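What follows is calculated from the coordinates using simple rules that are stated; it is not laboratory data. Being a predicted model, the structure only gives us computed values, none of them experimental. Methodologically, a virtual Cβ is constructed for each residue, glycine included, from the backbone with ideal geometry; neighbour enumeration extends over all protein chains shown.
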Number of protein chains: 2
Amino acid sequence: MLLRQLPAALAIAASLLALPAAADTAKSTPTAKELLAKAKPEEWRTPDPTNLLYMQLPQGRVVIELAPDFTPLHADNIRTLVREHYFDGLAIIRVQDNFVTQWGDPNDDDSGDKSKIKPLGSAKAKLPPEYTRAIDPKLPWTPLPDGDMYAPQVGFSEGFPVARDPGTGREWLTHCYGMVGVARDIPPDSGSGNSLYAVIGQAPRGLDRNLAIAGRVIQGMQYLSALPRGTGALGFYTQASQRTPIISVRLAADIPPAERENLQVLRTDSPTFAAIIEAKRNRRDAFYTVPAGKIDLCSIDIPVRALDVKH
Amino acid sequence: MLLRQLPAALAIAASLLALPAAADTAKSTPTAKELLAKAKPEEWRTPDPTNLLYMQLPQGRVVIELAPDFTPLHADNIRTLVREHYFDGLAIIRVQDNFVTQWGDPNDDDSGDKSKIKPLGSAKAKLPPEYTRAIDPKLPWTPLPDGDMYAPQVGFSEGFPVARDPGTGREWLTHCYGMVGVARDIPPDSGSGNSLYAVIGQAPRGLDRNLAIAGRVIQGMQYLSALPRGTGALGFYTQASQRTPIISVRLAADIPPAERENLQVLRTDSPTFAAIIEAKRNRRDAFYTVPAGKIDLCSIDIPVRALDVKH
């Protein structure tokens, strides 16, 4: 008797990798999950610990990989904020359904107590926008074949979803689920990285090239996406008691190896990743009547696995 | 001093409609919110109470509008299940991050106790798939101008996102955020509506034409999207204690008018809805550096308002 259920999500969560195959009956071509199980060791990469943020919430640890090749000044400034423990004791200040979860200093908004704003220490208060960068032919590039509504080209580079415009010679990270952006005021240079947001709904691609994207949540996304929605304007919480406190944010490189997560991310320029994209474009297991034949950029999650053996 | 924040979501939540305008400074063209405030009374419709499900969870009430012009047999069967109180005492059985929240009978899966499966009463156990329907020129149709990756045409009809293929003469509801689909086993006719799911992440458009869509959550989406994610395969909960119980599901038509929600949905064939789409395609307020010039089907929420005066 089959499970009365939907098929597995197109997304592959790390938590699914080690699960029993109860739902995988009667398929005719390899699924993403099967392909992933056969990936070669060298197709996985271990992110640089100087690019990994561990945000500790009461519910668990959120791991964010920074994207210094796309937003280097923001990566540097966020590292400075983290190393000076800027985020410790701050909070999740906003959760707007089908949009974003945002964190930072609760006093740094219109209803906050300006006298209590936490100083940025040696971090900069303003940064050049870094909304786009010149296309770098030296960076790996895995294009998607099905086009995109918002950009001339889309694909993946170094583990991130990216859009490109050969006409202008620019490329930029895109606002897919789980991507982490830099909140700002109206002036484009007003973002410092002291308030960040993660996309928790349909990709708000209209934000692309209007905000800097600092990285991607690679583990613990559920601790940001399943939070109670704020009932104030734009999903801000109206009472301090509703906010989830941030216990700490640390750079993986700054904590003892034994306390680090042992995460690996599938290389987006690997044959297995290409095969997974193809499998997702054309789902041919028994459940599907009509394969879509296509996949959009933000419907492809980049696989992450947690190795059992810690350092 | 401006709020350090992101702009409002492209989506317009009912909860935003009555909020102060603190964040709306320095804009140069009307925003969706401003347009909506000026909508004429006749641009709003009051859904037929025979098409409205009230699912009462401990956290609050979820309101779902059925789509009988697209999936009439499923609407009928779901009404039968609801009127015989089939869902009362069942549960949210699955929450998979960035995919779906699913509810139904916990015993009706591989790990359940088959002897305890709740009977369907006079409802049918199988239904014709109703994945697509013949395009009906009599139904209202508001096409979107920017195309779509998955279908030749997309737009809105009767308050729902719809895709069309003039080549085959078929149209179908699409898997956008908040849409409610019918879970099934492998056989296409194996869905009855006794297990339903709501999309809580990036639109899984690859499911279009592979599952019947019964309707859309028009209020209380946060009670489905902010639930703890299941840790079992495909996001199923592994322990009964993790499931959110369904207190009851009722048809609005079957409860006293004084106990009904007083909801109105903006007509998707109204001038204001068209103006909102245009405003979202080109955000010209001061926050935006680069208007996208485009909008994808699933990035447009259909506005809903709750009137203060109940019946």
* Asked: How much length is gained if the chain between residue A:61 and residue A:45 is pulled fully straight, taking 0.36 nm per residue apart and subtracting their Cα-Cα distance, in nm to one decimal?
  -> 3.7 nm
* Structure fact -> Taking Lys and Arg as +1 and Asp and Glu as -1, residues besides residue A:198 with C-beta under 13 Å from its C-beta add up to 0
* **Anchor residue A:138: aspartates and glutamates whose Cα lies under 16 Å away (excluding residues fewer than 8 positions away in-chain)** => A:69, A:158, A:171, A:269
* Under a cut-off of 17 Å between alpha-carbon atoms, report the aspartates and glutamates in cross-link reach of residue A:124, not counting same-chain residues fewer than 8 places apart. => A:76, A:84, A:105, A:108, A:185, A:189
* To do: Mind sorting B:294, B:126 by how few other Cβ atoms lie within 10 Å of their own Cβ, fewest first?
  => B:126, B:294
* What are the nm distances, shortest first, from residue A:136 to its equivalents in the other copies, labels at 7 Å along Cα→Cβ? -> 5.5
* To do: Using the 7 Å Cα-to-Cβ label point, sort the distances from residue A:83 to its equivalents in the other copies shortest first and give them in nm to one decimal.
  => 7.0
* Anything over 29 Å Cα to Cα? Flag those among A:33/A:294; B:33/B:294; A:40/A:294; A:280/B:294; B:38/B:294; A:116/B:280, in the order listed. => A:116/B:280
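Taking only Cα atoms of region B:174-258, what ratio of Rg to Rh do you get with Rh as the Kirkwood inverse-distance radius? Walk me through the numbers on the way to the answer.
On the way: Rg = 14.4 Å, Rh = 14.7 Å.
Expressed as Rg/Rh, it is 0.98.
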* **Highest-MSF residue in chain B out of B:267, B:216, B:281 [GNM, Cα springs under 10 Å]** => B:281
* **Radius of gyration and maximum dimension Dmax of region A:193-234, Cα, Å** => 11.7, 29
* Just B:300, B:277, B:255 to compare: in a GNM of chain B, with alpha carbon springs under 10 Å, which one fluctuates most? -> B:255
* Equivalent ellipsoid semi-axes - Cα gyration tensor, region A:202-311, angstrom -> 31, 25, 15
* To do: Specify the residue with the greatest mean-square fluctuation among A:148, A:208, A:113, computed from a Gaussian network of chain A linking alpha-carbon atoms under 10 Å apart.
  => A:113
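Compute for the protein assembly as shown: radius of gyration divided by Kirkwood radius, i.e. Rg/Rh, restricted to C-alpha atoms, rounded to two decimals. Don't skip to the end; give the middle numbers.
Values: Rg = 23.4 Å, Rh = 24.9 Å.
Computed over Cα atoms, the ratio is 0.94.
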* Mean-position separation - Cα centroids, region B:63-117 and region A:174-219, in angstrom -> 36
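Just counting partner chain Cβ atoms within 10 Å, what average do the residues of peptide A:101-109 show around their Cβ? Don't skip to the end; give the middle numbers.
Details: counts 0, 3, 0, 2, 1, 0, 0, 4, 7.
Shielding by partners across A:101-109 averages 2.
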* **Surface/4 estimate of mean projected area, convex hull on alpha-carbon atoms of region B:141-288, nm²** => 12.9
* Please express the shape of region B:126-207 as an equivalent ellipsoid: the semi-axes are the square roots of 5 times the eigenvalues of the C-alpha gyration tensor, given largest first in whole angstrom. => 22, 16, 12
* Asked: Relative to the other copies, what are the label-point distances for residue A:170, with labels 7 Å from Cα along the C-beta vector, expressed in nm at one decimal and sorted shortest first?
  -> 4.1
* To do: For chain B, go through all pairs of different Cα atoms, get the mean of 1/r, take its inverse, and jot down that Kirkwood value in Å.
  => 20.4
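Summarise the partner chain shielding of B:233-239 as one whole number: the mean count of Cβ atoms from other chains within 10 Å of each residue's Cβ.
5
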* Structure fact -> Kirkwood Rh over alpha-carbon pairs of region A:246-311 plugged into Stokes-Einstein at 4 °C, 1.567 mPa s gives a D in µm²/s of 86
